[in-house]
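The values are calculated or read from the model by the stated rules, or taken from the named source; none is laboratory data. In this text the structure is predicted, and so the values were computed from the model without any measurement. When we count neighbours, we look across all protein chains shown, and the Cβ atoms used for this are built from the backbone with ideal geometry, even at glycine. Ligands, DNA and RNA are stripped out before the accessible areas are found, and what is left, the full protein with its side chains, is counted by its heavy atoms. Shrake-Rupley method; radii C 1.70, N 1.55, O 1.52, S 1.80 Å.
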Amino acid sequence: MASLDRATSEALWARVRFYRDLGLTEFYRRPVDAALLAQMATEAEPLDEPVTSDELHSSNLEDNPIAPRKPIFAPPQAAAEVAASDRVAALQLIRDDIGDCTRCALHAGRNKLVFADGDPNARLMFVGEGPGADEDAQGLPFVGKAGQLLNNMITAMGLKREEVYIANVVKCRPPGNRTPEPDEGNTCSPFLFRQIDVVRPQVLVALGATAATYLLGSRQPLAGLRGRVHAFRGTQLIVTYHPAYLLRDPRQKKEAWADLQIAMRELGLKAPAKS
Ligand code: SF4
């Protein structure tokens, strides 16, 4: 069988991903249309590396080292501090601005937009990647299995879920729980920055490499970001694994707990005694 050149191969994979995003997973072969292939190669976005089949099925940067594939924009400047008494209204203003959003392609598959959950005056904020199926159904972040693990992590820190604030990089569920495409993350994340500026937590925990990438404005391996405090928009940013990743690889829970203990130290918290 004749092999395809790189540009055509990338264009084909991009088209396959597009169809998968629409829910089409069954494909059959047709005679090659040379003109169509040439057009697709022209339209294809430049990639750092060829897309592999594994990437199509990977939803997390922890095991998907090349996504997001494009540099993302620099995070906007932090806004002025909002008085604690005004934070509920300020967050509602952001929610109103989002509205029934169609700014990116993710709107097409959503049931419920997932804005945030928790205390607008929280000292601790968690940022994840995007809603999954349970979150999309309920309109709340981290309510599925990964959410249960996050709840356990919060409890282990001596806090209640209602005492923290939780949001995601994108507010609508990516199809098949895939990693948000760069244009989706770039379009939605300004709302997250506004939420962070209103809540202005003392400590911000990025759950997974996608959250870390969009918050820090650059793509770096998670291993190089964990285990330390990053100065970020007037808060302390700590990077750890996404709970969904910990469910897939529970051996990393110990490492995640070490990261959370850094957050606890910054917050002056002590772990509750085990009953
Ligand atoms: Fe709008 Fe964000 Fe949903 Fe995209 S993911 S449609 S930008 S709310």
Would you confirm whether any residue within region 260-270 is under 26 Å from ALA90 (Cβ atoms) and either part of a strand (DSSP E or B) or within 16 Å of the ligand (Cβ to nearest atom) (or both)? no
Can you find a residue in region 118-133 that is in contact with a Gly (Cβ under 9 Å, 6 or more places away or on another chain), away from the ligand (no atom under 16 Å from the Cβ), open to solvent by 40 Å² or more (accessible area, probe 1.4 Å) and among the charged types (D, E, K, R)? no
Which of the residues that make up region 246-275 are touching a residue at least 24 places away in the same chain (Cβ under 8 Å), under 16 Å from GLN202 (Cβ atoms) and among the small types (Gly, Ala, Ser)? ALA263
Pairs, please: C-beta under 6 Å, at least 6 apart or cross-chain, first residue among the charged types (D, E, K, R) and in region 216-241, second open to solvent by 40 Å² or more (accessible area, probe 1.4 Å) and not in a strand (DSSP E or B)? ARG233/ALA78
Quick one: in region 150-177, which of the residues that are farther than 15 Å from THR240 by Cα, of a type in the set (Val, Ile, Thr) and more than 16 Å from the ligand (Cβ to nearest atom) is nearest to the chain's Cα centre (by Cα)? VAL164
Filtered residues of region 95-113 (kept if more than 9 Å from the ligand (Cβ to nearest atom) and touching a Pro at 6+ places or on another chain (Cβ under 9 Å)): GLY109, LYS112
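Would you mind stating whether ASP100 is over 25 Å from GLU163 (Cβ atoms) and open to solvent by 70 Å² or more (accessible area, probe 1.4 Å)? Talk me through it step by step, then tell me what you get.
Numbers: over 25 Å from GLU163 (Cβ atoms): yes; open to solvent by 70 Å² or more (accessible area, probe 1.4 Å): yes.
So ASP100 fits the description; yes.
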Quick check on region 252-269. Is at least one of its residues open to solvent by 10 Å² or more (accessible area, probe 1.4 Å) and within 15 Å of the chain's Cα centre (by Cα)? no
Quick one: which strands (runs of 3 or more DSSP E) sit completely within region 148-240 and have at least 3 residues that are open to solvent by 10 Å² or more (accessible area, probe 1.4 Å)? 230-232
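Specify which of the listed residues (ALA223, ALA146) is under 29 Å from ARG103 (Cα atoms), under 18 Å from the mean Cα position of the chain (by Cα) and away from the ligand (no atom under 16 Å from the Cβ). Give the steps one after another, and end with the answer.
On the way: ALA223 fails: under 29 Å from ARG103 (Cα atoms).
Criteria check complete, one pass: ALA146.
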